[in-house]
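Each remark here refers to the structure printed beneath this line.
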Protein chains: 2
Amino acid sequence: MAKKITIYDLAQKLNISPATVSRSLNDHPAISQKTKDKVLSVAKETGYRTNKFAANLSKQKSNTIGVIVPKLNSIFMSTVLSGIEKIANNFGYNLVISQSLESQEKEKLNAKTLFDSGVDALLVSLAYETDDYDHFTTYTDRKIPLLFFDRVCDLPNCPTISIDNEAAGYDATQHLIKNGCQNIVHISGSLKRNVYAGRLEGYKKALYKNKFPVKPENIIESDLNIGQVKEFVARIKASEQKVDGIFVSNDTFAANCIKELIKEGFRIPEDIKVIGFNNDPVSEVISPSLSTIEYPGYKMGILAGQSIISHLSGSINIQSADQILIKHKLIARESTQI
Amino acid sequence: MAKKITIYDLAQKLNISPATVSRSLNDHPAISQKTKDKVLSVAKETGYRTNKFAANLSKQKSNTIGVIVPKLNSIFMSTVLSGIEKIANNFGYNLVISQSLESQEKEKLNAKTLFDSGVDALLVSLAYETDDYDHFTTYTDRKIPLLFFDRVCDLPNCPTISIDNEAAGYDATQHLIKNGCQNIVHISGSLKRNVYAGRLEGYKKALYKNKFPVKPENIIESDLNIGQVKEFVARIKASEQKVDGIFVSNDTFAANCIKELIKEGFRIPEDIKVIGFNNDPVSEVISPSLSTIEYPGYKMGILAGQSIISHLSGSINIQSADQILIKHKLIARESTQI
DNA sequence: TTAATTTACGCAATCGGTTGCGCAATTCAT
DNA sequence: ATGAATTGCGCAACCGATTGCGTAAATTAA
């Protein structure tokens with residue numbers, strides 16, 4: 001049981017050369033169908049399994065795609081991953097997934113490890129704190145396809161996949177304004193990240209457009225940690241000018257704000273309207289249900305997967321599309337409409 | 001730029017043999033410190049990176065752990081994965097993650113692929129429909145560590161990590177009874193899976209204990225797909241004997257039930273008390289907040305990771321613990337208490 | 001000083017496929 | 001029937017690191 005059988009064994013059994021066996025198994029055109037059939041059949045009989053280690057070594061590729069995400073345990077990220085995995089799996093690639101835990105240090109380490117382990121391509125969504133991108137040059141130098149999704153950065157020749165965060169931020173803010181808000185607070189994540197910086201820009205733009213002042217005290221850069229909800233709500237309560245609208249960069253935080261606001265006696269949406277971001281499952285279930293921006297994570301994963309695969313297989317058509325923007329959509333629910 | 005440099009290059013530069021270089025890099029005791037230092041320094045200078053393909057081939061191991069989960073995009077599963085990744089990463093292992101999408105077919109395929117790709121160990125949470133386990137014999141035959149978590153099965157020599165689902169089901173039901181429920185419906189997942197079968201057993205046990213009848217019409221085996229909520233609520237509404245308690249095997253489904261029940265005019269918890277399972281984030285946010293069973297996913301991931309690592313490194317101490325049960329905890333919230 | 005150990009390193013086989021090149025056998029054109 | 005083109009396959013050199021075994025050099029013992 002469990003004796004490893006190699007192409008040499010097959011070759012011997014069939015009285016042909018290992019080279020022919022190898023080519024047969026790979027359906028090489030220079031081998032006659034008759035021979036291929038024989039090889040295939042014996043391979044099946046004997047339970048031959050190709051040794052990936054050897055194949056990898058000689059081909060210098062692993063059929064493996066590396067992924068670095070900030071955190072695995074978020075419904076958004078795992079939905080994206082689900083899409084990536086689907087595509088990768090379809091095309092015979094394995095996915096090696098690692099998380100940076102929002103730390104630049106770990107992200108660098110992971111990038112190194114994945115490089116050493118020989119991934120054929122790398123997909124990255126950046127950590128909260130990353131502000132230097134040297135750890136990716138190893139990849140670009142060796143022409144290993146590198147693609148960023150969601151939390152992207154613009155490195156030369158690196159395609160990115162994201163939504164138009166500025167437009168989305170604009171839409172969210174505009175929606176609040178249309179529903180009567182006059183003094184809107186925006187809770188943002190790290191402004192190092194495009195996703196949050198973009199949304200903030202959109203927020204400002206909407207204010208400009210409506211000739212509302214952009215007040216620094218209304219812009220809160222936070223790590224969106226739920227522990228800070230209370231502190232934030234206290235701040236809202238204490239603010240001089242009555243806050244009547246909140247645009248939060250993330251549904252989970254928004255949902256918890258709503259809970260806390262209600263506990264503090266605010267009526268949502270009558271006193272304060274709240275809009276979130278992502279369309280997490282929680283946004284539908286909370287009451288009042290949370291208006292939000294739909295961020296199609298699964299689709300993003302699918303596209304990221306397809307894009308990287310087509311890079312790998314050398315189709316150049318997608319390569320031209322260096323920046324893919326996915327459409328977002330405003331979902332108006334109870335938390336913003338009386 | 002980007003010329004691959006090998007131990008042979010290093011050997012030449014240093015006028016020593018490749019073998020010595022290899023041993024130096026691996027800190028082999030038979031090499032003098034002086035030589036090691038030289039090698040290390042030149043390796044650093046030249047930017048040498050060991051070729052894992054070659055190392056894997058000769059060592060016949062990949063420093064890689066395979067994982068098969070039913071779905072990536074669930075908050076519970078991704079939390080478990082997060083824990084596994086943490087440990088794996090700490091010990092220098094990479095994680096290759098694939099999803100069965102609840103299909104036995106895909107699970108088998110994934111098991112094969114991961115085997116071929118040479119994972120050193122495999123972690124599995126079974127698909128909904130899996131009822132035959134032959135695809136794992138490849139692993140057990142070759143003594144490749146195989147461990148099941150959450151949705152487990154008992155194969156010889158395969159450790160499992162889960163909670164005591166029967167006890168948890170018992171606790172949940174008992175909690176409903178204590179709070180006055182007399183006619184409790186249980187919504188279960190596939191009874192092929194230990195997790196659901198166990199919870200059902202616990203449910204029955206609690207009923208027995210309180211001398212309540214176990215009515216078949218009160219036990220619903222479902223795929224827990226949210227699309228079925230309406231149908232289910234209709235059934236509750238139409239039931240002859242008034243249902244006053246529901247024990248749902250999963251928070252997401254439970255939360256949606258609550259929403260739908262309320263929409264249909266039921267008061268929660270006054271008319272019907274509901275308890276879920278998992279302690280998903282959604283359970284805290286919904287109103288009324290959902291009583292549930294805490295299922296420590298992260299901890300499960302950590303334990304699964306540690307267990308498999310210790311198998312791999314040959315520590316036998318954990319090997320004896322063939323079945324790890326993690327403690328659950330009942331969390332009583334508003335949905336069950338007036 | 002010489003023999004017995006110990007230390008430090010090199011030789012060469014091995015892991016199992018892959019692939020450029022060359023040659024023989026077969027098929028085709030004339 | 002004969003040279004030309006095509007087809008089918010084998011030889012052998014990789015891919016780059018690991019490791020059992022053997023031996024020269026250095027150290028210790030006597």
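Every read-out reported here was derived from the displayed coordinates using simple, explicitly stated rules and does not represent laboratory data. Just so you know, these numbers come straight off a predicted model, no measurement behind them. Virtual Cβ from ideal backbone geometry, glycine too; neighbours counted across all protein chains shown.
Here residue B:52 does not qualify as among the charged types (D, E, K, R), within 14 Å of chain A (Cβ to nearest Cβ), surrounded by fewer than 14 Cβ atoms within 10 Å (Cβ to Cβ) and within 26 Å of residue A:141 (Cβ to Cβ). Does residue A:96 count as in contact with a Ser or Thr (Cβ under 6 Å, 6 or more places away or on another chain) and either closer than 30 Å to residue A:5 by Cβ or within 9 Å of chain B (Cβ to nearest Cβ) (or both)? For residue A:96, the condition - in contact with a Ser or Thr (Cβ under 6 Å, 6 or more places away or on another chain) and either closer than 30 Å to residue A:5 by Cβ or within 9 Å of chain B (Cβ to nearest Cβ) (or both) - is met.
Residue count for the stretch A:240-299 under the criterion of being more than 11 Å from residue A:334 (Cβ to Cβ), among the β-branched types (Val, Ile, Thr) and part of a helix (DSSP H, G or I): the result is 4. Residues considered: B:38, B:59, B:44, B:13. Of these, the only one that is surrounded by fewer than 16 Cβ atoms within 10 Å (Cβ to Cβ) and within 13 Å of DNA strand C (Cβ to nearest atom) is B:59. Within the stretch B:185-200, identify whether any single residue is in a loop (DSSP other than H, G, I, E, B) and of a type in the set (Phe, Trp, Tyr), and answer yes or no. Scanning the stretch B:185-200, I find no residue that is in a loop (DSSP other than H, G, I, E, B) and of a type in the set (Phe, Trp, Tyr), so the answer is no. The lone criterion from (1) within 16 Å of DNA strand C (Cβ to nearest atom); (2) on the phi < 0 side of the Ramachandran plot left unmet by residue B:27 is number (2). Kindly check whether there is at least one residue in the stretch A:52-64 that is more than 8 Å from DNA strand D (Cβ to nearest atom) and β-branched (Val, Ile, Thr). Yes, the stretch A:52-64 contains a residue that is more than 8 Å from DNA strand D (Cβ to nearest atom) and β-branched (Val, Ile, Thr).
For residue B:29, the criteria (1) touching a residue at least 24 places away in the same chain (Cβ under 8 Å); (2) more than 10 Å from DNA strand D (Cβ to nearest atom) hold in every case but one, which is (1).
Annotation: of all residues in the stretch A:100-119 being in contact with a helix residue (DSSP H, G or I) (Cβ under 6 Å, 6 or more places away or on another chain) and more than 12 Å from chain B (Cβ to nearest Cβ), the one that is surrounded by the most Cβ atoms within 10 Å (Cβ to Cβ) is A:111. Exactly one residue out of A:265, A:245 is away from every other protein chain (no Cβ under 14 Å), of a type outside the set (D, E, K, R) and surrounded by 24 or more Cβ atoms within 10 Å (Cβ to Cβ): that is A:245. Here residue B:199 fulfils each of the conditions (1) farther than 25 Å from residue B:103 by Cα; (2) within 21 Å of the chain's Cα centre (by Cα); (3) not β-branched (Val, Ile, Thr) apart from (1).
Here residue A:126 passes the criteria (1) under 30 Å from residue B:96 (Cβ atoms); (2) outside any loop (DSSP other than H, G, I, E, B) except the one numbered (2).
Quick one: in the stretch A:300-313, of everything that is in a helix (DSSP H, G or I) and hydroxyl-bearing (Ser, Thr, Tyr), which residue is nearest to the other protein chains (Cβ to nearest Cβ)? If you could, list the steps in order and put the result at the bottom.
Initial filter on the stretch A:300-313 (in a helix (DSSP H, G or I)): A:300-312.
If we keep only those that are hydroxyl-bearing (Ser, Thr, Tyr) as well, we get A:307, A:310.
On the way: A:307: 19, A:310: 21 Å.
Top of the filtered list is A:307.
Considering the stretch B:32-48, the residues that are in contact (Cβ under 8 Å) with a residue 40 or more places away in the chain and not polar (S, T, N, Q) include one that is farthest from DNA strand D (Cβ to nearest atom), namely B:47.
Within the stretch A:121-139, being among the charged types (D, E, K, R) and in contact with a Ser or Thr (Cβ under 8 Å, 6 or more places away or on another chain) holds for one residue alone: A:129.
Of note, residue A:91 does not satisfy the criterion of being in contact with a helix residue (DSSP H, G or I) (Cβ under 7 Å, 6 or more places away or on another chain), within 21 Å of residue B:90 (Cβ to Cβ) and either within 12 Å of chain B (Cβ to nearest Cβ) or in contact (Cβ under 8 Å) with a residue 60 or more places away in the chain (or both). Among the residues of the stretch A:93-113, some residue qualifies, meaning at least one is in contact with a Gly (Cβ under 6 Å, 6 or more places away or on another chain) and away from DNA strand C (no atom under 16 Å from the Cβ). Scan the stretch A:219-242 and tell me whether some residue there is surrounded by 23 or more Cβ atoms within 10 Å (Cβ to Cβ), away from chain B (no Cβ under 14 Å) and either farther than 23 Å from residue A:297 by Cα or hydroxyl-bearing (Ser, Thr, Tyr) (or both). Checked the stretch A:219-242: no residue is surrounded by 23 or more Cβ atoms within 10 Å (Cβ to Cβ), away from chain B (no Cβ under 14 Å) and either farther than 23 Å from residue A:297 by Cα or hydroxyl-bearing (Ser, Thr, Tyr) (or both). Within the stretch B:271-295, the set of residues being within 9 Å of chain A (Cβ to nearest Cβ) and out of contact with any Ser or Thr (no Cβ under 8 Å at 6 or more places or on another chain) comprises B:284, B:285. Among all residues of the stretch B:103-118, there is at least one that is acidic (Asp, Glu) and over 16 Å from the mean Cα position of the chain (by Cα). Taking the criterion of being in a loop (DSSP other than H, G, I, E, B), touching a residue at least 12 places away in the same chain (Cβ under 8 Å) and surrounded by fewer than 21 Cβ atoms within 10 Å (Cβ to Cβ), the residues of the stretch A:153-184 that qualify are A:153, A:155, A:156, A:157, A:158, A:164, A:179, A:180, A:182, A:183. Of the residues examined, residue B:253 is one that is under 30 Å from residue B:122 (Cβ atoms) and within 12 Å of chain A (Cβ to nearest Cβ).
When A:6, A:46, A:35, A:64 are checked against the criterion of being hydroxyl-bearing (Ser, Thr, Tyr) and within 10 Å of chain B (Cβ to nearest Cβ), a single residue qualifies: A:64.
In this structure, is residue A:75 in contact (Cβ under 8 Å) with a residue 60 or more places away in the chain and either within 14 Å of another protein chain (Cβ to nearest Cβ) or in contact with a Ser or Thr (Cβ under 7 Å, 6 or more places away or on another chain) (or both)? Criteria met by residue A:75. Name the single residue, out of those in the stretch A:76-91 being surrounded by 22 or more Cβ atoms within 10 Å (Cβ to Cβ) and over 11 Å from the mean Cα position of the chain (by Cα), that is farthest from DNA strand D (Cβ to nearest atom). For the stretch A:76-91, the residue satisfying everything is A:85.
The number of residues in the stretch B:1-10 being within 13 Å of DNA strand C (Cβ to nearest atom) and surrounded by 14 or more Cβ atoms within 10 Å (Cβ to Cβ) comes to 3.
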